[in-house]
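The values are calculated or read from the model by the stated rules, or taken from the named source; none is laboratory data. Small disclaimer: the values here were computed from a predicted structure and weren't measured. Here the Cβ positions follow ideal geometry from the backbone for every residue, glycine too, while neighbour counts run over all protein chains shown.
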Amino acid sequence: MSGLFLDLPPSAEAAKSAEAGRAPEPIATIDTVGVNIGKQVDLVHLVTFDALTGRGGTVFTLNLDHLVKLEHDPAFRAAYDQATYVSADGAPVVAMARRQGANLVRVTGADLVRPLCGAAALARVPVHFFGTSPETLATSVAVLRCEYPRLIVADFESPPYGFSPFGVDARAAAERIAASGARICFVALGAPKQEVFAEFARRWAPGVTFVCIGAALDFIGGRQSRAPEVLQAAGLEWLWRLVHDPRRLGKRYALSALYLLRYNARELASRLPWRRSAKVADKTTGEE
């Protein structure tokens, strides 16, 4: 696999994984969640290659909100345990991974849609869009069709209010996605529903890669304004979103901040000299 779909070539590890038909090994582990994607270009190549070869899978972008929900949601945890590709979404998760020696950058669901659509258009891979409101979905699909005239949109669907990510309705939706001929499906239901649906749907739509994209279609369709690039680069996109939607996001970001404090405290404690000495003593005792 070379730089067929983008101007930049994928990393050697991503190319090797694609040729072998397997996901890359984790480059960092955050609270048992393995992150195995370091660059956006790698993920775009891998997903496109999988689509061409009929491999299928799921794509999740790990952020602090996910880590909070993973502590209490077994279905969400099960979906993450089976994820094909996981990237670091958000400056705190990137920092956590880098402290483990991982060489990676932030890869968000919102940033994936256009590069993947461009690659799919070049490779003639049909795509499907599932989620958000009917109006936003129709507008965002129209925008993407204008930007990528060769893009093959197999179909798009906005599920009804109260849609369950597993069960009879979810299975029927997955079967419609498979019947459309799509090989990449962008899922915009929000976490954890989109990840749980993606994991469930892959059973009924083999060969389709389900890419969880959060609010990406809201940005593309103009329903929401994304933070300026300078704030994104500074890791302050969360602040922009909080200012614009404090009632919905206030509690979420407070819980995320508490999780980050707990995580950093545990990490710091694990590096204290007395903890390292205790671990060595335990190991020595066990060997005796």
Considering each residue of region 89-121, count those that are farther than 30 Å from GLY222 by Cα and crowded, with 20+ Cβ neighbours inside 10 Å, and give that number. 2
Before we move on, is SER140 without any contact (Cβ under 8 Å) to a residue 40 or more places away in the chain, touching a helix residue (DSSP H, G or I) at 6+ places or on another chain (Cβ under 9 Å) and either polar (S, T, N, Q) or not assigned by TED's automatic domain parsing to the domain that holds PHE60 (or both)? no
Can you find a residue in region 23-45 that is part of a loop (DSSP other than H, G, I, E, B), buried (at least 22 other Cβ atoms within 10 Å of the Cβ) and in contact with a His (Cβ under 8 Å, 6 or more places away or on another chain)? no
ALA12 passes all but one of (1) over 19 Å from the mean Cα position of the chain (by Cα); (2) modelled with pLDDT of 95 or more; (3) of a type in the set (Gly, Ala, Ser); which number fails? (2)
Looking only at region 144-171, which residues are surrounded by 15 or more Cβ atoms within 10 Å (Cβ to Cβ) and of a type in the set (Val, Ile, Thr)? ILE152, VAL153
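Conditions (1) in contact (Cβ under 8 Å) with a residue 40 or more places away in the chain; (2) among the hydrophobic types (A, V, I, L, M, F, W, C); (3) in contact with a Ser or Thr (Cβ under 8 Å, 6 or more places away or on another chain), marked per residue:
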residue	(1), (2), (3)
GLY56	yes, no, yes
ALA79	yes, yes, yes
ASP111	yes, no, no
LEU116	yes, yes, yes
VAL125	yes, yes, yes
Checking ALA257 against (1) under 30 Å from PRO134 (Cβ atoms); (2) surrounded by 11 or more Cβ atoms within 10 Å (Cβ to Cβ), which test does it fail? (1)
Heads up, the helices (runs of 4 or more DSSP H) in region 227-288 (entirely inside) with at least 1 residues that are acidic (Asp, Glu) and modelled with pLDDT of 80 or more are 229-233, 237-244, 246-270
